[in-house]
Amino acid sequence: MFSVQTYIDRRARLQAQLSSGLLLFLGNDESPMNYAANTFHFRQDSTFLYFFGVDQPGWAAVIDLDEGRTVLFADDLTIDDIVWTGVLPTVAELAANGGVTETRLAAGLDAVVKGAVARGRTVRYLPPYRPENRLKLFSLLGIHPDRQGDAASVDLVRAVVEMRVIKSADEIAEIETAVNTSVDMHLAAMRMVRPGMMESEVAARVTEIAIAAGGHLAFPVIATVHGETLHNHFHGNTLKPGDMFLLDAGAETAMHYAGDLTSTFPVDPTFTPRQKEVYQVVLGAHLAAVGACRPGVRFRDVHGLACRRLAEGLKDLGLMKGNLDDAVEQGAHAMFFQCGTGHMFGLDVHDMEDLGEVWVGYEGQPKSTQFGLKSLRLARPLRPGFVFTVEPGLYFIPELARRWKAEGKFTDYIDYGTLETYLGFGGIRIEENVLVTPDGCRILGKWRPRTLEEVEGVRLEQR
Ligand code: GLY
Ligand code: MN
Ligand code: MN
């Protein structure tokens with residue numbers, strides 16, 4: 001945990017932004033996998049961690065803005081629990097670690113919230129994403145789960161988002177720890193991969209490194225020879241000579257801050273000429289995008305620059321043609337780059353996605369509905385303390401190519417004949433983690449290979 005004062009200050013800043021009523025925060029519960037006692041890995045709600053620092057299931061909190069009181073609701077372990085779990089800190093001890101002195105039994109939440117509702121007081125809550133918390137909100141507030149997202153407090157969402165988007169020095173240090181472990185995961189994978197291995201062996205090794213560092217994975221590992229599938233969690237393929245291998249993996253520290261890196265490298269020790277050409281295009285877009293990140297620049301424009309550089313490289317390869325300004329404006333490049341150039345991260349790998357991308361990445365402005373651009377999670381002007389990924393890529397998706405070709409889509413800008421020869425190539429993504437500084441930006445974490453020569457250098461170390 002951070003210092004007690006950190007949590008006290010965060011709550012004070014939050015309270016100063018909102019007028020009257022109750023703020024209701026629901027922590028997460030254990031979630032059963034296949035029967036009640038066999039649970040998924042417990043993950044606390046990130047906003048609950050941010051304001052209270054309590055990393056245990058079954059907690060809730062109420063901040064009464066009119067009375068200036070914060071109360072945490074949870075139950076101490078019974079002797080029956082202790083038999084199975086061992087001794088854990090008491091509710092009072094855990095609350096005190098975050099500077100909260102008032103605690104009550106979990107069952108006490110009902111009377112506090114229902115009493116406030118009965119007196120016509122405002123109860124603000126954040127959009128729920130777990131079924132257990134949807135049921136609790138239904139019971140406490142009588143709002144049907146289908147309407148809970150719309151009825152969540154926009155004021156509270158905006159206040160929380162605007163605090164969490166700016167990372168403090170303490171948070172940046174923690175994030176950098178996560179990124180450094182993530183670099184170790186990537187270096188290990190780059191050194192071990194060889195033909196005949198299974199993807200699952202690589203996934204297991206990077207998972208081991210994340211857990212051995214004291215935390216866990218920040219998100220399910222992508223370790224695949226089918227990098228064209230953006231979030232591919234299948235690990236059953238055997239690596240063959242000539243394949244490209246894409247690893248998108250990040251560690252989460254014990255305090256739950258994330259890293260999120262992607263490396264793409266050949267299963268052979270060196271790239272083929274075609275792999276080199278495509279890699280170089282992605283790297284050029286990546287470097288241009290990172291080079292453009294500084295305070296005041298809209299990330300929408302960083303994305304536009306990355307798309308433009310990708311399109312230029314694709315034109316050089318004969319995959320795109322025509323006027324590239326028009327092609328990118330209309331979204332033709334999304335045949336090859338179907339997603340956004342980056343997203344904020346921190347306590348969540350897609351930071352605060354539960355609170356709404358339109359608030360986190362767009363300051364309430366509407367998102368585009370254009371294929372490709374609609375998947376851009378971050379568009380707003382950058383500010384010092386923002387932490388986000390830069391992850392342009394090129395993805396050759398046979399199904400998409402065939403669909404657009406059959407529809408005659410963007411035939412002025414896409415050379416479908418050349419594209420046919422790339423189907424089966426896979427995908428390439430280069431993902432780094434970036435902090436905006438007062439006068440520019442900085443790539444977080446220790447060195448890892450990015451250029452063709454650096455990647456091949458590490459690949460050849462294994463021989
Ligand atoms: N690792 C998921 C992502 O890059 O968005
Ligand atoms: Mn990633
Ligand atoms: Mn990412």
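Results for (1) without any contact (Cβ under 8 Å) to a residue 40 or more places away in the chain; (2) assigned to a loop (DSSP other than H, G, I, E, B), shown as yes or no for each residue.
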{"residue": "Leu24", "(1), (2)": "no, no"}
{"residue": "Asp55", "(1), (2)": "no, yes"}
{"residue": "Val62", "(1), (2)": "no, no"}
{"residue": "Asp76", "(1), (2)": "yes, yes"}
{"residue": "Ile82", "(1), (2)": "yes, no"}
{"residue": "Leu94", "(1), (2)": "no, no"}
{"residue": "Gly99", "(1), (2)": "no, yes"}
{"residue": "Thr103", "(1), (2)": "yes, no"}
{"residue": "Ala111", "(1), (2)": "yes, no"}
| query | Given (1) within 16 Å of ligand 2 (Cβ to nearest atom); (2) out of contact with any helix residue (DSSP H, G or I) (no Cβ under 7 Å at 6 or more places or on another chain); (3) open to solvent by 40 Å² or more (accessible area, probe 1.4 Å); (4) not charged (D, E, K, R), where does His216 come up short, assuming only one miss? | reply | (2)
| field | Hey, Arg403 of a type outside the set (Ser, Thr, Tyr), touching an Asp or Glu at 6+ places or on another chain (Cβ under 8 Å) and either open to solvent by less than 30 Å² (accessible area, probe 1.4 Å) or outside any strand (DSSP E or B) (or both) or not | value | no
| request: Go through segment 254-265 and count every residue that is buried (at least 22 other Cβ atoms within 10 Å of the Cβ) and either among the aliphatic types (A, V, I, L, M) or away from ligand 3 (no atom under 16 Å from the Cβ) (or both). | output: 3
| task | Find all pairs meeting these conditions: Cβ atoms under 7 angstrom apart; at least six residues apart or on different chains; first residue within segment 320-331 and farther than 17 Å from Val281 by Cβ; second residue open to solvent by 70 Å² or more (accessible area, probe 1.4 Å). | result | Gly322/Asp412; Gly331/Phe371
| task | Would you tally the residues in segment 431-446 being open to solvent by 20 Å² or more (accessible area, probe 1.4 Å) and either within 10 Å of Val387 (Cα to Cα) or among the aromatic types (Phe, Trp, Tyr) (or both)? | result | 4
| request: Could you check, for segment 429-442, whether at least one of its residues is assigned to a loop (DSSP other than H, G, I, E, B) and within 22 Å of Gly242 (Cβ to Cβ)? | output: yes
| task | Residues being of a type in the set (Ser, Thr, Tyr) and either away from ligand 1 (no atom under 11 Å from the Cβ) or at pLDDT below 95 (or both): count how many of those fall in segment 343-395. | result | 4
| message | The conditions are (1) more than 15 Å from ligand 3 (Cβ to nearest atom); (2) under 22 Å from the mean Cα position of the chain (by Cα); (3) surrounded by fewer than 20 Cβ atoms within 10 Å (Cβ to Cβ), and Phe245 fails exactly one of them. Which is it? | response | (3)
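The values are calculated or read from the model by the stated rules, or taken from the named source; none is laboratory data. None of the values given here were measured: they were computed from a predicted structure. For neighbour counting, all protein chains shown are included, and Cβ atoms are generated from backbone atoms with ideal geometry for every residue, glycine included. The accessibility values were calculated without ligands, DNA or RNA, using every heavy atom of the protein model including side chains. Shrake-Rupley method; radii C 1.70, N 1.55, O 1.52, S 1.80 Å.
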